[in-house]
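Contents: one structure, followed by commentary.
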Amino acid sequence: MYTCGPTVYDTAHIGNLRTYIFEDILRRTLEFLGYHVKHVMNITDVEDKIIKKAKANKQNIWQVTKPYTREFLHDIQELNIKPAHVYPTATAHVPEMVKLIRELEEKGLAYEGKDNSVYFDISKFKPYGKLVGIKKIKVKDGARVDSDEYEKNEARDFVLWKTKKKNEPGWKSPWGEGRPGWHIECSAMSMKYLGKTFDIHTGGVDNVFPHHENEIAQSEAATGQKFVNYWVHGEHLLVGNERMGKSLGNFYTLRDIEKHGFLPLAFRYLALNAHYRSKLNFTWRSLGGADSAVWNLWRELGRMKFVGEKEALQTKKGKLNEHRKSFRAAIEDDLDTPKALSVLRRVITDMEITANDKRSLVFEMDDVLGLSLQYADKLSKVPLHVKTLVAGRELMRRNQQFVKADSFRNKIKSLGYDVEDTSYGPFVWPNRKLKSHPKI
Ligand code: AMP
Ligand code: ZN
């Protein structure tokens, strides 16, 4: 599975992160169903915006890209996204890209322009447009484009190799010093790590055209083989009903989410609560709801642990498999995560399953959902001084000293914990406002 990764000239926004979450769900689902997945995600570390920033900061491109790459990997970790097995960077794979361009040139599909930049001749590749649907694009014969991003739905000859301009980084090539275009990067690196034909290629919907269309053209023209068996694209995250985007300036990052006091995993929950092929409009209010939902899940799991140590019920026969089946059916149905979450909630409220069985079933489901539900066990470790206060309160309650018991409850609350009286005794749980939660 190959995923178009970030262009590391800035912090990823949560729109980008929505796409990486969907790709993570795809990978986790395949693994859950017993497939072995090799996941490759590229890091674009040379590109116009990177060069521009490097020039402005009087730095080299790696001084720009290294910190953003580190930050990206940190964001991925905070969202509990499984790391890819390989993160190839563009600048470390220039020879592979040059080789691919040479092959295209030898086959007559690439030509050198006046400035020694090299272009792909789309008129020579008949199936051009098969991914996006040829009717959706206007083919501009003979016209070409030397930037990586171009006018919507206008097909032109696109650049494979860009001649070095003054004060730009460059690599040696048969066409003189220069650097690769964006599209060739993904063709060369995906085929290097996954072979000429591989199973799954993912990205956001904006990648379909031109990026993925061009990847198909370059790869299939060079190898004469099918490039990818399945293309899977995720829909956009919107804000104010407009696509969230760097250039539009309407974006938030994971840092913003943390600054607002929300869990990064709340964003993961929010993303899972919408189908990956539907647009999702981001609001702080819905993120707040997702944050409470994650917190409540942890609390429910803590309660199950507490109850499980004491209850003497038995799970009704067949119940576990019934839920397992519904969960599996949901994720197998084009990754229906909203439905999978509703199965999870049904399990939690099912009176016919013991607390211990519920816990293990929910943890099984979390292999796909990735909401760090095991974290509940860390949260359930209540410090001794709080436990002592809870025991004291219990004693007072039994002695009918309710006013005193209440003052203890308030003291416990001020330390960041809530007490809930259950038929199995008092259940204590840190509340959302507790400052020093254990690390997830
Ligand atoms: P970029 O760093 O711009 O190449 O984007 C990285 C990934 O994020 C690509 O797969 C894009 O398709 C995706 N992406 C960009 N904007 C959004 C958005 N608003 N919502 C979801 N995914 C997005
Ligand atoms: Zn790509």
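The values are calculated or read from the model by the stated rules, or taken from the named source; none is laboratory data. In this text, all values refer to a predicted model and were calculated from it rather than measured experimentally. Cβ coordinates were reconstructed from backbone atoms using ideal geometry, including for glycine residues, and neighbour counts include every protein chain displayed. Calculation scope for accessible area: heavy atoms of the full protein, side chains included, ligands and nucleic acids excluded. Shrake-Rupley method; radii C 1.70, N 1.55, O 1.52, S 1.80 Å.
Within the range 155-169, does at least one residue satisfy the condition of being surrounded by fewer than 21 Cβ atoms within 10 Å (Cβ to Cβ) and within 16 Å of ligand 2 (Cβ to nearest atom)?
no
Has the range 11-22 got any residue that is assigned by TED's automatic domain parsing to the domain that holds D146, within 16 Å of ligand 2 (Cβ to nearest atom) and under 29 Å from P127 (Cβ atoms)?
yes
Per-residue answers, yes or no, for (1) in contact (Cβ under 8 Å) with a residue 40 or more places away in the chain; (2) under 23 Å from I134 (Cα atoms); (3) out of contact with any strand residue (DSSP E or B) (no Cβ under 7 Å at 6 or more places or on another chain):
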residue: G195; (1), (2), (3): no, no, yes
residue: V205; (1), (2), (3): no, yes, no
residue: H212; (1), (2), (3): yes, yes, no
residue: T223; (1), (2), (3): no, yes, yes
residue: L238; (1), (2), (3): yes, no, no
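Residues in the range 174-195 that are within 15 Å of ligand 1 (Cβ to nearest atom), over 12 Å from D148 (Cα atoms) and open to solvent by 30 Å² or more (accessible area, probe 1.4 Å): how many?
Counting residues in the range 174-195 that are within 15 Å of ligand 1 (Cβ to nearest atom), over 12 Å from D148 (Cα atoms) and open to solvent by 30 Å² or more (accessible area, probe 1.4 Å) gives 0.
Per-residue answers, yes or no, for (1) at pLDDT below 95; (2) in contact with a helix residue (DSSP H, G or I) (Cβ under 6 Å, 6 or more places away or on another chain); (3) away from ligand 1 (no atom under 12 Å from the Cβ); (4) polar (S, T, N, Q):
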{"residue": "I216", "(1), (2), (3), (4)": "no, no, yes, no"}
{"residue": "T223", "(1), (2), (3), (4)": "no, no, yes, yes"}
{"residue": "G234", "(1), (2), (3), (4)": "no, yes, no, no"}
{"residue": "M244", "(1), (2), (3), (4)": "no, yes, no, no"}
{"residue": "S247", "(1), (2), (3), (4)": "yes, no, no, yes"}
{"residue": "T253", "(1), (2), (3), (4)": "no, no, yes, yes"}
{"residue": "G261", "(1), (2), (3), (4)": "yes, no, yes, no"}
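What residue, among those in the range 30-43 that are part of a loop (DSSP other than H, G, I, E, B) and touching a residue at least 40 places away in the same chain (Cβ under 8 Å), is farthest from ligand 2 (Cβ to nearest atom)? First the steps, then the outcome.
In the first step, residues of the range 30-43 are kept if they are part of a loop (DSSP other than H, G, I, E, B); the result is 33-39, 42.
The next check asks that each one be touching a residue at least 40 places away in the same chain (Cβ under 8 Å); those that pass are 33, 38-39, 42.
Details: L33: 26, K38: 17, H39: 14, N42: 6 Å.
This residue is L33.
Whether any residue in the range 267-281 is in contact with a Gly (Cβ under 6 Å, 6 or more places away or on another chain), within 15 Å of ligand 1 (Cβ to nearest atom) and closer than 26 Å to L341 by Cβ is what I want to check. Can you show your working first?
Here is the first cut: in the range 267-281, the ones in contact with a Gly (Cβ under 6 Å, 6 or more places away or on another chain) are 276.
Checking which are within 15 Å of ligand 1 (Cβ to nearest atom) leaves us with 276.
When the remaining residues are screened for being closer than 26 Å to L341 by Cβ, the result is 276.
Yes, the range 267-281 contains a residue that is in contact with a Gly (Cβ under 6 Å, 6 or more places away or on another chain), within 15 Å of ligand 1 (Cβ to nearest atom) and closer than 26 Å to L341 by Cβ.
Has the range 63-85 got at least one residue that is farther than 26 Å from F282 by Cβ and crowded, with 18+ Cβ neighbours inside 10 Å?
Going residue by residue through the range 63-85, those that are farther than 26 Å from F282 by Cβ are 63-66, 85.
Checking which are crowded, with 18+ Cβ neighbours inside 10 Å leaves us with 64-65.
Looking through the range 63-85, at least one residue is farther than 26 Å from F282 by Cβ and crowded, with 18+ Cβ neighbours inside 10 Å.
Does the range 361-383 contain at least one residue that is touching a Pro at 6+ places or on another chain (Cβ under 6 Å) and open to solvent by less than 20 Å² (accessible area, probe 1.4 Å)?
Initially, the range 361-383 is screened for residues touching a Pro at 6+ places or on another chain (Cβ under 6 Å), giving 378-379.
Next cut, open to solvent by less than 20 Å² (accessible area, probe 1.4 Å) only: 379.
Among the residues of the range 361-383, at least one is touching a Pro at 6+ places or on another chain (Cβ under 6 Å) and open to solvent by less than 20 Å² (accessible area, probe 1.4 Å), which makes the answer yes.
At pLDDT 95 or above, assigned by TED's automatic domain parsing to the domain that holds W231 and more than 16 Å from ligand 1 (Cβ to nearest atom): does that describe A56? Spell out the reasoning first.
Numbers: at pLDDT 95 or above: yes; assigned by TED's automatic domain parsing to the domain that holds W231: yes; more than 16 Å from ligand 1 (Cβ to nearest atom): yes.
For A56, the condition - at pLDDT 95 or above, assigned by TED's automatic domain parsing to the domain that holds W231 and more than 16 Å from ligand 1 (Cβ to nearest atom) - is met.
Please tell me if S326 is of a type in the set (S, T, N, Q), open to solvent by 10 Å² or more (accessible area, probe 1.4 Å) and more than 25 Å from L33 (Cβ to Cβ).
Details: of a type in the set (S, T, N, Q): yes; open to solvent by 10 Å² or more (accessible area, probe 1.4 Å): yes; more than 25 Å from L33 (Cβ to Cβ): no.
The answer is no for S326.
Name the pairs: first residue in the range 260-274 and over 20 Å from H437 (Cβ atoms), second residue charged (D, E, K, R) and in a helix (DSSP H, G or I), Cβ to Cβ under 7 Å, at least 6 apart or on different chains?
Matching pairs, first to second residue: A271/R18.
If I ask for residues that are within 16 Å of ligand 1 (Cβ to nearest atom) and open to solvent by 30 Å² or more (accessible area, probe 1.4 Å), which ones from the range 196-207 would you list?
Step one: list which residues in the range 196-207 are within 16 Å of ligand 1 (Cβ to nearest atom), which gives 200-207.
V205, D206 - these are the residues of the range 196-207 that are within 16 Å of ligand 1 (Cβ to nearest atom) and open to solvent by 30 Å² or more (accessible area, probe 1.4 Å).
Identify, by number, the condition in (1) in contact (Cβ under 8 Å) with a residue 24 or more places away in the chain; (2) closer than 28 Å to R27 by Cβ; (3) assigned by TED's automatic domain parsing to the domain that holds N273; (4) not hydrophobic (A, V, I, L, M, F, W, C) that P438 doesn't meet.
Going through the list (1) in contact (Cβ under 8 Å) with a residue 24 or more places away in the chain; (2) closer than 28 Å to R27 by Cβ; (3) assigned by TED's automatic domain parsing to the domain that holds N273; (4) not hydrophobic (A, V, I, L, M, F, W, C), P438 breaks only (3).
Could you please find all residues in the range 222-263 being within 16 Å of ligand 2 (Cβ to nearest atom) and open to solvent by 40 Å² or more (accessible area, probe 1.4 Å)?
If the condition is that a residue be within 16 Å of ligand 2 (Cβ to nearest atom) and open to solvent by 40 Å² or more (accessible area, probe 1.4 Å), then Y230, W231 are the ones that fit.
List the pairs whose first member sits in the range 1-29 and is part of a loop (DSSP other than H, G, I, E, B), whose second member is near ligand 1 (Cβ under 8 Å from one of its atoms) and polar (S, T, N, Q), and whose Cβ atoms are under 6 Å apart, counting only residues at least 6 apart or on separate chains?
That search, which allows pairs on different chains as well, returns C4/N207.
Among the listed residues K387, K413, identify the single one that is open to solvent by 50 Å² or more (accessible area, probe 1.4 Å), free of Cβ contacts under 8 Å to residues at least 24 places away in the same chain and either more than 27 Å from V232 (Cβ to Cβ) or part of a helix (DSSP H, G or I) (or both). Step through it out loud before you land on a result.
Numbers: K387 fails: free of Cβ contacts under 8 Å to residues at least 24 places away in the same chain.
Only one candidate passes the filter, namely K413.
Being within 15 Å of ligand 1 (Cβ to nearest atom), farther than 17 Å from Y230 by Cα and not in a loop (DSSP other than H, G, I, E, B): is that true of H211 here? Reasoning before the result, please.
On the way: within 15 Å of ligand 1 (Cβ to nearest atom): yes; farther than 17 Å from Y230 by Cα: no; not in a loop (DSSP other than H, G, I, E, B): yes.
Here the answer is no, as H211 does not meet what is asked.
Across the range 264-285, what is the total count of residues that are basic (K, R) and open to solvent by less than 20 Å² (accessible area, probe 1.4 Å)? Explain how you work it out, then say what you get.
Step one: list which residues in the range 264-285 are basic (K, R), which gives 268, 277, 279, 285.
In the following step, the residues that additionally are open to solvent by less than 20 Å² (accessible area, probe 1.4 Å) were identified as 268.
Residues flagged as basic (K, R) and open to solvent by less than 20 Å² (accessible area, probe 1.4 Å) within the range 264-285 amount to 1.
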